[in-house]
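Reading through the structure tokens given below for one structure.
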Amino acid sequence: MSASTERKNRQAAREAGTDKKMLALEKEAKEKARSKRRWTIGTVAVVVLIALVLLLNSPLVYRSTAYSVGDRKYSTAEVNYYYANQYLTFANQYGSYASMFGLDTSNGIKGLDKQDCPFTEGSWKDYFLDAAKNMMLQNTALLDYAAANGITLDESETAAVETAFSGIDEAAKSYGYGSADKMMAANYGTGVTVKLVRGAYLDSALASKALEAATDSFTYTDAQLEEAYAGFNGERDSFTFSYVQVEAHDHDNAEAEATEEQHAEADKTAAAVREAYEAAGGEDFAARLSAAAEASGLTAEEQTLSGSGLYFAKEWLMDASRKAGDVTVEENGDHVYVVVFLSRDDNHYRTASVRHILVKAEAGEDGTYSDEAKAAAKARAEEILAEYEAGARTEESFAALAEQYSEDTGSNTNGGLYENIAKGQMVKEFNDFCFAPHSKGDTAIVYGESGSYAGYHVMYYVGEGELYSNTLAEQSLRSADAESWLSELTGSYTTGEGFGMKFVG
């Protein structure tokens, strides 16, 4: 190739932009442009990230409106509190059993939006957030109702809330937090402070008082109460029965599933117990079943349950034709039950009100109560009763002694008073005194023992209360009417979400 031709080719290449120098220059320029774009994009990303971090840590975000109910605006921090409170209430109520509902509590409120909730089509976050919104709606409506009707917290009610926060600074330090506000934020979410939680507590207390005032205003006639109780269709009646449980299982491996032969063996044993019971005489039906059970190496138990609480032989026990001494055999899974009907109570009896003074026996190191400890408690109870007898012998004087001496923390600040006691609510001896024939002012000393104490009760009979059937019916009616009233009250409010809802949780 001649020199002139080569020069012409280079000239053409330059003009076309394809010669080596031009290509190198273009490549360098493109690299610089890409580098500049990468730097610019990276810088923008860092700036955005920094802005986001600053935004999330800015108190302004958590003061912004996240939810509104009527004219009341709830900040992000406030919604965080109500949201976390719903979660913590659920988690504390069910503990380790929360996992049975598919709720993983290992990370607290973090990650709830990734966990499916069986109670809703969404996540657990959706579930607890909906519950929080409902609580804010109800509280707002009730607070407005309280304001319109002059309902306020009195000094003692306000003091009770303040007492709940009295040692919060010390508690925060003991748990390793720098301050009580930091402890609140860690447990309830960013932006939540002690002041916010205290305000929420006061709101909740006043809302509850308003709801109670409205509920107490409902009145019912005896006819309405009787009709309501009849509507329970026996579900609230009390059924007393004696039973023997025969288990079908492999005696060498109790966890193994029972075979047909083992079921047949259980049926045979139950039939033998029933036959022995029917062959025996006597009107003490529980004792007859107990003897029949012992003959087969088994033990009879006695229970009193409401109709709604019956878990086997329910239809048979609730049959209106059932009479004392009737017996049946019923299967339930790997168990066969021999059941003897003893009685049915439709709760048309009057409740009892009493005062008492409890003197506990001192437990030994092994947690048991010696005869000497019980005797000492009884002697002290007798001394207290003697002091009462030597005094004015009035209900007021007994109440004063109860506040002075009683070891029952549930009643020793109100003169030992328990009102409207229903059958079976107290230990047997206490219960027996309440429902034996008495006149106002009758006294006695009765023994009592449960899993938490043993000792003697100095008793004072105050008098009868309402029909227990009426009490149950009224509770049901008030609950239903309060729910309807509250639904109507909240139905007039409009709700909405604000910018701050993006940062809840």
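The values are calculated or read from the model by the stated rules, or taken from the named source; none is laboratory data. Since the structure is predicted, the reported quantities are computational estimates derived from the model, not experimental observations. So basically every Cβ, Gly included, is an ideal-geometry build from the backbone, and we count neighbours across all protein chains shown. Calculation scope for accessible area: heavy atoms of the full protein, side chains included, ligands and nucleic acids excluded. Shrake-Rupley method; radii C 1.70, N 1.55, O 1.52, S 1.80 Å.
Could you list, in sequence order, the residues of the range 87-128 that are open to solvent by 20 Å² or more (accessible area, probe 1.4 Å), within 21 Å of ALA185 (Cα to Cα) and either in contact with a Leu (Cβ under 6 Å, 6 or more places away or on another chain) or aliphatic (A, V, I, L, M) (or both)?
LEU88, ILE109, LYS125
Pick out the one residue from GLU294, GLU301, GLU261, GLU265 that is farther than 14 Å from THR328 by Cα, within 41 Å of the chain's Cα centre (by Cα) and without any contact (Cβ under 8 Å) to a residue 24 or more places away in the chain. Spell out the reasoning first.
Working: GLU301 fails: without any contact (Cβ under 8 Å) to a residue 24 or more places away in the chain; GLU261 fails: within 41 Å of the chain's Cα centre (by Cα); GLU265 fails: within 41 Å of the chain's Cα centre (by Cα).
When all the criteria are applied, what remains is GLU294.
Out of curiosity, is ASP346 under 25 Å from GLU429 (Cα atoms), among the acidic types (Asp, Glu) and under 32 Å from the mean Cα position of the chain (by Cα)? Before you say what the answer is, go through the steps one by one.
Working: under 25 Å from GLU429 (Cα atoms): yes; among the acidic types (Asp, Glu): yes; under 32 Å from the mean Cα position of the chain (by Cα): yes.
For ASP346, the condition - under 25 Å from GLU429 (Cα atoms), among the acidic types (Asp, Glu) and under 32 Å from the mean Cα position of the chain (by Cα) - is met.
Only one of (1) modelled with pLDDT under 95; (2) among the charged types (D, E, K, R); (3) under 19 Å from VAL197 (Cβ atoms) fails for ARG38. Which number is that?
(3)
Among the residues of the range 418-442, which ones are without any contact (Cβ under 8 Å) to a residue 24 or more places away in the chain and not in a loop (DSSP other than H, G, I, E, B)?
Correct list: LYS428, ASN431, ASP432.
Would you kindly identify the strands (runs of 3 or more DSSP E) lying entirely within the range 306-375 that contain at least 2 residues that are free of Cβ contacts under 8 Å to residues at least 40 places away in the same chain?
Answer list for the range 306-375: 327-332.
Quick one: what pairs do we get from the range 481-493, first residue within 17 Å of ARG72 (Cβ to Cβ) and touching a residue at least 40 places away in the same chain (Cβ under 8 Å), second assigned to a helix (DSSP H, G or I) and not hydrophobic (A, V, I, L, M, F, W, C), C-beta under 7 Å, 6+ apart or different chains?
LEU486/GLN138; LEU489/TYR145; THR490/GLN138; TYR493/THR140
Check the range 296-312 and report whether any residue there is under 12 Å from ASP237 (Cα atoms) and of a type in the set (A, V, I, L, M, F, W, C). Don't jump to the end; show me each part of the working.
Let us first name the residues in the range 296-312 that are under 12 Å from ASP237 (Cα atoms), namely 304-310.
Imposing the further condition that a residue be of a type in the set (A, V, I, L, M, F, W, C) reduces the set to 305, 310.
There is at least one residue in the range 296-312 that is under 12 Å from ASP237 (Cα atoms) and of a type in the set (A, V, I, L, M, F, W, C).
Being crowded, with 19+ Cβ neighbours inside 10 Å and either within 29 Å of the chain's Cα centre (by Cα) or within 30 Å of ASN414 (Cβ to Cβ) (or both) is the filter here, so list the residues in the range 490-505 that pass it.
Restricting attention to the range 490-505, the residues satisfying the condition of being crowded, with 19+ Cβ neighbours inside 10 Å are 500, 503-505.
Those that are crowded, with 19+ Cβ neighbours inside 10 Å and either within 29 Å of the chain's Cα centre (by Cα) or within 30 Å of ASN414 (Cβ to Cβ) (or both): PHE503, VAL504, GLY505.
Any residue in the range 91-115 that's without any contact (Cβ under 8 Å) to a residue 24 or more places away in the chain: show its pairings with residues that are open to solvent by 70 Å² or more (accessible area, probe 1.4 Å) at Cβ separation under 7 Å, as long as the two are six or more apart or on different chains.
PHE101/PRO118; GLY102/ASP116; GLY102/PRO118; GLN115/ASP104
Here's the yes/no breakdown for (1) open to solvent by 60 Å² or more (accessible area, probe 1.4 Å); (2) of a type in the set (A, V, I, L, M, F, W, C); (3) closer than 30 Å to ALA454 by Cα:
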| site | (1), (2), (3) |
| --- | --- |
| GLN262 | no, no, no |
| ARG274 | yes, no, no |
| SER290 | no, no, yes |
| LEU317 | no, yes, no |
| ARG322 | no, no, no |
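I'm trying to understand the selection: among the residues of the range 452-461, which are more than 14 Å from MET426 (Cβ to Cβ) and either surrounded by fewer than 14 Cβ atoms within 10 Å (Cβ to Cβ) or hydrophobic (A, V, I, L, M, F, W, C) (or both)?
If the condition is that a residue be more than 14 Å from MET426 (Cβ to Cβ) and either surrounded by fewer than 14 Cβ atoms within 10 Å (Cβ to Cβ) or hydrophobic (A, V, I, L, M, F, W, C) (or both), then ALA454, VAL458 are the ones that fit.
Just to be sure before I move on: is GLY415 small (Gly, Ala, Ser), surrounded by fewer than 13 Cβ atoms within 10 Å (Cβ to Cβ) and either in a loop (DSSP other than H, G, I, E, B) or in contact with a Gly (Cβ under 8 Å, 6 or more places away or on another chain) (or both) in the structure I sent? First the steps, then the outcome.
Values: small (Gly, Ala, Ser): yes; surrounded by fewer than 13 Cβ atoms within 10 Å (Cβ to Cβ): no; either in a loop (DSSP other than H, G, I, E, B) or in contact with a Gly (Cβ under 8 Å, 6 or more places away or on another chain) (or both): yes.
No; evaluated as a whole, the condition is false for this residue.
Results for (1) over 20 Å from TYR67 (Cα atoms); (2) touching a residue at least 12 places away in the same chain (Cβ under 8 Å); (3) polar (S, T, N, Q); (4) open to solvent by less than 60 Å² (accessible area, probe 1.4 Å), shown as yes or no for each residue.
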position: ASP130; (1), (2), (3), (4): no, no, no, no
position: LEU137; (1), (2), (3), (4): no, yes, no, yes
position: ASN149; (1), (2), (3), (4): yes, yes, yes, no
position: ALA172; (1), (2), (3), (4): yes, no, no, yes
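Would you check if there is a residue in the range 390-408 being buried (at least 18 other Cβ atoms within 10 Å of the Cβ), outside any helix (DSSP H, G or I) and of a type in the set (D, E, K, R)?
Taking every residue of the range 390-408 in turn, at least one turns out to be buried (at least 18 other Cβ atoms within 10 Å of the Cβ), outside any helix (DSSP H, G or I) and of a type in the set (D, E, K, R).
Being assigned to a helix (DSSP H, G or I) and modelled with pLDDT of 95 or more is true for just one of ALA271, ALA264. Which residue is that? Can you show your working first?
Numbers: ALA264 fails: modelled with pLDDT of 95 or more.
One residue alone meets the criteria, ALA271.
In this structure, does MET135 turn out to be touching a helix residue (DSSP H, G or I) at 6+ places or on another chain (Cβ under 6 Å), part of a helix (DSSP H, G or I) and over 17 Å from PHE503 (Cα atoms)?
Numbers: touching a helix residue (DSSP H, G or I) at 6+ places or on another chain (Cβ under 6 Å): yes; part of a helix (DSSP H, G or I): yes; over 17 Å from PHE503 (Cα atoms): yes.
Answer is yes for this residue.
Here is a list: GLY463, GLY448. Which entry is farther than 26 Å from ALA376 by Cα and either without any contact (Cβ under 8 Å) to a residue 40 or more places away in the chain or not polar (S, T, N, Q) (or both)? Spell out the reasoning first.
Details: GLY448 fails: farther than 26 Å from ALA376 by Cα.
Every option except GLY463 fails the conditions.
Only one of these conditions is not met by SER479: (1) open to solvent by 40 Å² or more (accessible area, probe 1.4 Å); (2) under 30 Å from GLU235 (Cβ atoms); (3) touching a helix residue (DSSP H, G or I) at 6+ places or on another chain (Cβ under 7 Å); (4) among the hydroxyl-bearing types (Ser, Thr, Tyr). Which number is it?
(3)
Show the residue pairs that are 6+ apart or on different chains and have beta-carbon atoms under 6 Å apart, the first residue being within the range 237-250 and assigned to a strand (DSSP E or B), the second being of a type in the set (Gly, Ala, Ser) and open to solvent by less than 10 Å² (accessible area, probe 1.4 Å).
Pairs that qualify, where the first residue is assigned to a strand (DSSP E or B) and the partner is of a type in the set (Gly, Ala, Ser) and open to solvent by less than 10 Å² (accessible area, probe 1.4 Å), are VAL244/ALA293; VAL246/ALA266; VAL246/ALA270.
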